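The values are calculated or read from the model by the stated rules, or taken from the named source; none is laboratory data. What you see is a predicted model, and the numbers here were worked out from it, not measured in a lab. So basically every Cβ, Gly included, is an ideal-geometry build from the backbone, and we count neighbours across all protein chains shown. Please note that ligands, DNA and RNA were not included when accessible areas were found on the heavy atoms of the full protein model with its side chains. Shrake-Rupley method; radii C 1.70, N 1.55, O 1.52, S 1.80 Å.
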Amino acid sequence: MKVPFLDLTRPHQALRAEILAAIAAAYDANRFCLGKDVEDFERAFAAACGASDAVGVSNGTTALHLVARALHLGPGDEVIVPAFTFIASAWTASYVGARPVFADIDPATFCLDPQHVASLITPRTKAIVAVHLFGQAAPMDELLAIAAKAGIAVIEDCAQSHLATYRGRPVGLLGDAGTFSFYPTKNLGGCGEGGAVISRRPEMLASARLLRAHGMAVRYRHDEVGYNYRMEGFQGAALGVKLRHLRAWTERRRAIARRYRAEIHLAECALPTVPEWGESVYHQFTLRHPRRDALREHLTSCGVGTDTIYPIPLHLQPVYASLGYKSGDLPRAESCAQTVLSLPIFPELTDAEVGHVIASVNAF
Ligand SMILES: *Cc1c(COP(=O)(O)O)cnc(C)c1O
């Protein structure tokens, strides 16, 4: 049996008629950039997140850039970013000329280690980027307490954590602003690029709304350097259809994770646990194993697709060589980069496929 790591054909064929009809309606009405489909999606997505409003943008990276601008981050500022995440989390600092300061993670959650974050605060620190990695909410109470004490902002990068909660509260509304990605492979993905900003602070939303469309509050009058970060109409249309399935898809991801946790028995293998503050929405199901590469080869030979997410921690990325980090500086992020392996966990996996993944892991 072959089990792909991810198969987008399954949801996209199942919803083909519905999504293409929604896109066709946008096409026929020339609603290409923002417009009704995007507005409807913004409202529905905000409601799904427990938010009053959402700002639809071109992708998750531009959402982070808009939040950095809304918070007036800039040169001379330091922004604390986990060393183990996708690179875009760090662009939050770099795009506005601020300096990313990389923090180590807790391997149990793959999220920021609050103790290490606290040790990195300086008078120049202006924000913390809390990434809810792989769908797991970060330890927000501790991070918010550190930020409150220092008088700095908390940005939640929710690109992998649609519908995740922290102690029953939706992610994205706990800090100053939350950003989402609708890249096709995310838990909620468009038929192309997309992103959103949510916040409990109305001025954050107003700033994101203004700057996503050239900083133009009044037609052809520009008060600030803005961007063209608008969400496309086709994406609003497609995302509106897919959003209706997000809760069921999330439950299916959790059911698969429960089976993996109950039925995978492999010496030296660390499976993701459920912290007391809330269960992951499992964008990834990522285990750790000291002989990760051999396990991966074994699974490949069994027909099971896997991925190593992420193989290089951010402080050791060539792009940040000038910051002067070296191997050994953030040992837990580095250890995770060398030992993590993500298993297939997309909602359309069949029970037989999940069983084959489990049997293959156990046979290693
Ligand atoms: C995907 C992702 C982003 C960027 O989103 P795009 O829509 O691809 O620009 C940012 N942060 C994290 C953690 C991501 O996984």
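For this structure, a couple of remarks:
- For the chain, accessible area per residue (1.4 Å probe, heavy atoms of protein chains only), Å²: 40
- Segment 53-119: mean projected area of Cα convex hull, nm²: 5.3
- Sum of side-chain charges, residue 316 neighbourhood, beta-carbon under 13 Å (Lys, Arg +1; Asp, Glu -1): -2
- Sparse-neighbour loop sites [trypsin sites (Lys or Arg not before Pro); segment 201-302; at most 16 other C-beta within 10 Å; DSSP]: 219, 244, 291
- Theoretical gain in end-to-end length, residue 148 to residue 267 [0.36 nm per residue, Cα-Cα removed]: 38.6 nm
- The share of C-alpha pairs in segment 111-179 whose separation exceeds 21 Å stands at 17 percent.
- Dipole of the chain [Lys/Arg +1, Asp/Glu -1 at C-beta], most positive-end residue of 225, 355, 30: 30
- The Cα center of segment 256-317 and the Cα center of segment 29-84 differ in position by 30 Å.
- Within the shell of other residues whose beta carbon sits under 13 angstrom from the beta carbon of residue 276, the net charge comes to -2, with Lys and Arg scored +1 and Asp and Glu -1.
- Secondary structure note: in the chain, about 55% of the DSSP beta bridges are antiparallel.
- Its Cα gyration tensor gives segment 279-359 an equivalent ellipsoid, and the semi-axes of that ellipsoid, as √(5λ) in whole Å with the largest first, are 30, 14, 10.
- The value given for the chain is a Kirkwood hydrodynamic radius of 21.0 Å, derived from the mean inverse Cα-Cα separation.
- Exposure here means at most 13 other Cβ atoms within 10 Å; with GluC sites (Glu not before Pro) in a DSSP loop as sites, the longest stretch of the chain lacking them is 1-223.
- Inter-part distance where segment 324-354 and segment 192-232 are each reduced to a Cα centre, Å: 34
- Among the listed pairs 2/36; 149/242; 2/242; 242/326; 36/126, those whose Cα-Cα separation exceeds 31 Å are 2/36; 149/242; 242/326; 36/126.
- Segment 158-242: chymotrypsin sites (Phe, Trp or Tyr not before Pro) in DSSP coil with no more than 12 other Cβ atoms inside 10 Å: 220
- Within a Gaussian network of the chain (alpha carbon springs, distance under 10 Å), most fluctuating of 217, 255, 267: 267
- Heavy-atom surface analysis with a 1.4 Å probe gives the chain a carbon and sulfur content of 55 percent of its accessible area.
- Applying a DSSP loop filter and a limit of 13 other Cβ atoms within 10 Å to the trypsin sites (Lys or Arg not before Pro) in segment 1-56 leaves 2.
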